[in-house]
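Beneath this line is the structure, given in structure tokens, with notes to follow.
Readers should treat all values here as calculations from the given coordinates under stated rules, not as data from a laboratory. Computed from a predicted structure; not experimentally measured. Here the Cβ is made from the backbone with ideal geometry for all residues, glycine too, and neighbour counts use every protein chain on show.
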Amino acid sequence: METGTVGFICTATAHPARSSASGTGLTVHEGKWAFCPGDGSAGHTWSAVDGVSLDELTRAATSAARVSGPAKD
């Protein structure tokens, strides 16, 4: 398994970004790290990304959540 970068991001509309996620949002998909900004446990729509760092994805998700308002549980 690859380490250090994320190979997939979840783009499911049911998993909006949270401003303060309860977990890391990380899982494994097809042997690579995968990130869900809403930290959902199922129903993912995975899109490949070109080796983005978790820090970059977390910052982007947090910024998006602040702009769009609080996530609904």
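Put simply, the amide H of HIS29, placed in the peptide plane, has neighbours under 5 Å in ALA34, leaving out anything fewer than 5 places away on its chain. Once both labels are positioned 7 Å from their Cα atoms along Cα-to-Cβ, the gap between ALA60 and GLU30 label points is 1.7 nm.
The stretch between THR45 and THR13, if pulled fully straight at 0.36 nm per residue, gains 10.7 nm over its current Cα-Cα span.
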